[in-house]
Amino acid sequence: MGDGDQTETRETQRKPRSRARFELKREAILDAAADLINLHGARGATLQEVAKAVGLNTTSVTYYFRRKELLAAAVFERSLDRLKTMVGEAAAEGDARARVARFIRLHIELRAKVIRGTEKPLVVLSDIRTLDEDLRRALLARYLEVFNSVRAFWAPHASDDHRELCTARAHMLLEVVFWLPVWLARYAINDFGRVGRRIGAVLEEGLAVPGAKWAPVFYGEDQIRAAMPPQDAAAENFLRVATRLINESGYRGASVLRIVEELNVTKGSFYHHLDAKDDLVLECFRQSYKRVAVGQWLAHRDGGNEWERLTWAIASLLDIQFRAEWPLTRTTALQALPAQLRAEVVRRSDRIALRFMGTLVDGAREGSLNSVDPMIASQLILSTLNSAFDLKGWAARMPREKAIAFYASTLANGLFDDAVLGMQRAAVGDGVERVRGIEPL
């Protein structure tokens with residue numbers, strides 16, 4: 001063998017080793033970026049922090065990813081690939097019930113591995129919406145592929161209405177697993193299997209007892225706000241616009257500049273009512289939880305039993321989300337909040353969950369609600385209510401009462417009872433103002 005041949009062999013051997021080192025470092029960068037995005041959001045994670053986490057300088061990181069947005073997009077793409085693999089594994093089961101159970105089990109197992117340090121968590125996908133248009137469009141298209149695969153758990157779809165119902169089911173199921181990291185760590189890992197089975201029981205059986213009638217009374221936004229302390233009109237405008245921007249673009253996407261431009265006011269007007277953006281965001285969460293609490297209180301005051309109280313509150317809050325004029329603040333904004341603000345928001349969320357837990361416990365005792373794990377069921381209620389804002393376009397395709405009935409059925413009837421397809425127009429409760437603008441089915 002000549003010297004030239006030896007040189008070529010050494011080069012051939014060197015390239016695979018070099019490529020392997022490149023891939024290892026690239027994966028380390030992606031891992032570090034994913035951790036930072038989950039902690040601070042896509043806009044809050046910086047290349048400097050990523051570089052520090054992997055022992056490089058910023059220039060070295062740009063050798064792998066030229067811009068921070070490209071790095072964030074690669075992080076989201078990798079998590080979408082992992083999610084797609086999990087969906088594919090669940091889809092291989094024989095029917096919808098087995099597919100859903102497998103999908104929940106895979107996410108429970110992932111959380112256990114994350115806590116043990118043997119796996120990395122999925123990145124919070126809601127921050128995709130903060131990226132530039134070209135990157136966002138491509139990633140949302142990939143997410144839509146995953147979503148369609150989850151909806152196919154219930155295929156074939158017998159009618160257009162059945163397809164719409166399965167859209168609601170797929171969205172609810174995905175939000176359940178996305179919300180898991182927020183509350184699952186309160187349990188010991190040894191209890192995760194039981195938690196998964198109890199989640200499955202709620203999704204299988206629903207909260208309604210056999211024969212329960214879906215006939216909610218809707219409390220309008222005006223009724224709910226009338227039961228709250230009066231608020232300055234200008235401050236309400238800031239909160240309304242900021243909440244919608246937070247839901248659409250995340251915490252960092254709701255800039256003071258965007259808010260004042262939309263309202264056509266000056267920055268001075270903003271700072272006259274609020275000291276800083278963090279005050280605004282925290283107040284958005286406070287107002288949202290107050291509105292949820294008032295909706296629960298009105299339903300508790302007027303409902304005859306706990307089934308009525310639960311369904312009246314859920315229906316009224318879903319109506320707020322689907323109208324989207326002043327929605328409830330999406331808890332996905334939690335990840336980018338400063339730590340002290342995040343703690344307060346979680347505490348307020350827990351109080352709302354406790355109220356739902358009380359309703360579930362009392363309803364099980366009186367026989368108007370299924371006997372389910374109240375803590376777990378309350379978290380499923382929270383995730384379902386929060387995520388409803390994302391289905392406002394879906395809800396606009398049909399009469400709102402129908403959209404609310406379909407989406408609420410994921411909680412009331414579970415994910416496998418198609419009786420909701422035959423529901424008629426909800427009954428009007430005596431003495432309570434019906435929400436305006438809803439046409440009969």
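What follows is calculated from the coordinates using simple rules that are stated; it is not laboratory data. Please read these numbers as outputs of a predicted model, since none were measured by experiment. Reconstructed Cβ throughout: ideal geometry from the backbone, glycine too, with neighbour counts over all protein chains shown.
Over segment 149-269, consider all pairs of different Cα atoms and compute the Kirkwood hydrodynamic radius from their mean reciprocal separation; express it in Å, one decimal. Mind dumping the intermediate values first?
On the way: mean 1/r = 0.0519 Å⁻¹.
That comes to 19.2 Å for segment 149-269.
Let's see if you can work this out: charge +1 on each Lys and Arg Cβ, -1 on each Asp and Glu Cβ, no other charges. What is the dipole magnitude of the chain about its Cα centre, in debye to the nearest 20?
Value, rounded to 20: 920 debye.
For Ile199, Ile381, which order do you get if you count the other beta carbons within 10 Å of each Cβ and list the fewest first?
Fewest-to-most Cβ neighbours within 10 Å comes out as Ile381, Ile199.
How far is helix 96-116 tilted off the main Cα axis of the chain, in degrees rounded to 10, range 0 to 90?
For helix 96-116, the angle is close to 60 degrees.
Can you give the local net charge around Ala212? Use residues other than it whose beta-carbon is closer than 14 angstrom to its beta-carbon, Lys and Arg +1, Asp and Glu -1.
Result for the local shell: -3.
Which one, (i) 180; (ii) 163; (iii) 137, gives volume of the Cα convex hull per residue in Å³ as derived from the coordinates shown?
Structure-derived value, by its label: (i).
Lys and Arg at +1, Asp and Glu at -1: add these up for the other residues within a Cβ distance under 10 Å of Ile320 and post the number.
Here the charged neighbours net out to -1.
If the viscosity is 0.692 mPa s and the temperature 37 °C, what Stokes-Einstein diffusion coefficient in µm²/s follows for segment 92-180 when Rh is the Kirkwood radius over Cα pairs? The partial results should precede the final answer.
Values: Rh = 14.7 Å.
Rounded to a whole number, D works out at 224 µm²/s.
Compute the long axis of helix 277-302 from its Cα atoms, compare it with the longest principal axis of the Cα atoms of the chain, and write down the angle in degrees, 0 to 90, nearest 10.
Once rounded, one gets 40 degrees.
Just want the ordering: Phe65, Phe285, from fewest to most Cβ atoms lying within 10 Å of their own Cβ.
Final ranking by Cβ density, sparse to dense: Phe65, Phe285.
Based on the alpha-carbon gyration tensor of segment 129-199 and its eigenvalue square roots a ≥ b ≥ c, which shape applies: rounded if a/c is under 1.5, prolate if not and a/b is larger than b/c, or oblate?
oblate
If you take every residue apart from Arg99 with its C-beta less than 12 Å away from the C-beta of Arg99, what net charge results, scoring Lys and Arg +1 and Asp and Glu -1?
Cβ neighbours under 12 Å give a net charge of +2.
If you count, for each residue, the other Cβ atoms within 10 Å and average over each peptide, how do 409-416, 342-349, 102-109, 20-27 line up from highest to lowest?
Working: 409-416: 22.1, 342-349: 15.8, 102-109: 19.4, 20-27: 12.2.
Put in order of decreasing packing, that is 409-416, 102-109, 342-349, 20-27.
Using Cβ counts within 10 Å as a stand-in for footprinting exposure, how do Asp319, Asp232 rank, fewest first?
Ordered by Cβ neighbours within 10 Å, fewest first: Asp232, Asp319.
Simple spin-label model, 7 Å along Cα-to-Cβ: Arg116 to Arg163 in nm?
Modelled inter-label distance: 4.2 nm.
As I understand it, the value is the acute angle between the Cα axis of helix 339-366 and the longest principal axis of the Cα atoms of the chain; what does it come to in degrees, rounded to 10?
50
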